[in-house]
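Student: The structure is given below, and queries will be raised subsequently.
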Amino acid sequence: MQPAISFSDGSRNPAARGFLHAPANPNGDALILTHGAGSDCTTPLLVALGDRFAAGGYAVLRCDLPFRQERRTGPPFPGNAERDRVGLRNAVAALRRNVRGRIFLGGHSYGGRQATILCAAEPELVAGLLLLSYPLHPPRKPQQLRIQHLPNLRVPSLFVHGTRDPFGSVDEMTNALRLIPAKAELMTVEGAGHDLGFKGKAQRLEPLATICAKFEEIFS
């Protein structure tokens, strides 16, 4: 079982709270993973990825965003997104106290979107991004693209996207990534929706190895 951790900087800023996967053979680097709007850091996708990356030597922090720390259920309020980004920044600060190598930031859906907005404003914060099911637009509303900050994103990124994701097609994602001036690669998971194959008890474990291998290829 991963130990639960909580870090506060002593201010009114939200604490970093979650679970730490400690690698048996650390490579010196670390990865932060956070969740989407309808879940928390215990979602099976994040747990499985945390275990997989820890097996590869990464210290992995699965963390709850501030909105989930405050409410066990329900989506985030639109006006509180900046506070969620502060929570991500505090999670990075918490890991920097114990990790000497690179720190990467990742998230599923809403969590990944907040990570890209944060890093578009603070390009030196982390070494790279892992974006799982980036919510390019609301389902059935392709005109409401969430791309305004992408031309300012100068952090290398790996986007992982299911070919049946209603939040954006592969073609739409490909076009969106062309807006990013930094290295940005798209990895698709055939037949997967927004959950990337981790829905309820059904878990598609085979893409995890590919995600980790692609991540290593990009950031080695």
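Student: Extension gain A127-R100, at 0.36 nm per residue separation less the Cα-Cα distance, in nm? Could you put the intermediate results ahead of the total?
Tutor: Numbers: separation 27, 0.36 × 27 = 9.72 nm, distance 1.26 nm.
Here the segment from A127 to R100 would lengthen by 8.5 nm.
Student: Quick check on the exposure proxy: order D195, D84 from fewest to most C-beta atoms within 10 angstrom.
Tutor: D195, D84
Student: If you plug each phi of segment 214-220 into the Karplus form 6.51 cos²θ - 1.76 cosθ + 1.60 with θ = phi - 60°, what whole-Hz ³J(HN,Hα) values come out, in order, with x for Gly and Pro?
Tutor: 5, 4, 5, 4, 6, 10, 6
Student: For A209 and A182, compute 0.36 nm times the residue count separating them, minus their Cα-Cα distance, and round to one decimal in nm.
Tutor: 7.3 nm
Student: Mind giving me the nanometre distance, one decimal, between the label points for N152 and S169, set 7 Å out from Cα along Cα→Cβ?
Tutor: 3.0
Student: Follow-up. Antiparallel versus total DSSP beta bridges in segment 4-219: what percent is that, nearest 5?
Tutor: 30
Student: So what's the net charge close to L131: Lys and Arg +1, Asp and Glu -1, counting the other residues with Cβ under 14 Å from its Cβ?
Tutor: It works out to a net charge of +2.
Student: What do you get for GluC sites (Glu not before Pro) in segment 149-220 restricted to DSSP loop and a cutoff of at most 12 other Cβ within 10 Å of the site's Cβ?
Tutor: Within segment 149-220, the qualifying GluC sites (Glu not before Pro) (loop, at most 12 other Cβ atoms within 10 Å) are E190.
Student: Which longest uninterrupted range of the chain lacks any trypsin sites (Lys or Arg not before Pro) assigned by DSSP to a loop state (not H, G, I, E or B) and surrounded by at most 15 other Cβ atoms within 10 Å? Present the calculation step by step, with values, prior to reporting the outcome.
Tutor: On the way: sites that count: R12, R71, R72, R97, R100, R102, R140, R154, R164, R178, K183, K201.
With a cap of 15 other Cβ atoms within 10 Å, the longest stretch comes to 13-70.
Student: Once you sort the root eigenvalues of the Cα gyration tensor of segment 4-219 as a ≥ b ≥ c, which label holds: rounded (a/c under 1.5), prolate (a/b larger than b/c) or oblate (the other case)?
Tutor: Rounded shape, in that the Cα axes give a/c under 1.5.
Student: Separate question: Could I have the simple spin-label model distance between Q144 and K199, label points 7 Å from Cα toward Cβ, reported in nm to one decimal?
Tutor: Distance between the two pseudo-spin positions: 2.1 nm.
Student: Count the net charge of all other residues whose Cβ sits under 12 Å from the Cβ of Y110, scoring Lys and Arg as +1 and Asp and Glu as -1.
Tutor: +2
Student: Right, here's the next one. For G56, what is the net charge nearby, where nearby means another residue's Cβ is under 11 Å from its Cβ and Lys, Arg count +1, Asp, Glu -1? Please list the in-between numbers first.
Tutor: Working: positive: R52; negative: D29, D51, E216.
Value of the local net charge: -2.
Student: Quick check on segment 143-220: take the gyration tensor over C-alpha atoms, sort the square-rooted eigenvalues as a ≥ b ≥ c, and tell me if it's rounded (a/c under 1.5), prolate or oblate.
Tutor: oblate
Student: If you don't mind, there's one more thing I want to ask. Please give the length that would be gained between E217 and E82 if that part of the chain were fully extended, namely 0.36 nm times their separation in residues minus their C-alpha to C-alpha distance (nm, one decimal).
Tutor: Separation in residues times 0.36 nm, less the Cα-Cα distance, equals 45.4 nm.
None of the figures in this text is laboratory data; all of them are computed from the coordinates on show. It should be emphasised that the depicted structure is a prediction, and the values quoted were computed from it without experimental measurement. With ideal geometry, Cβ positions are generated from the backbone for all residues, glycine too; neighbour counts draw on all protein chains shown.
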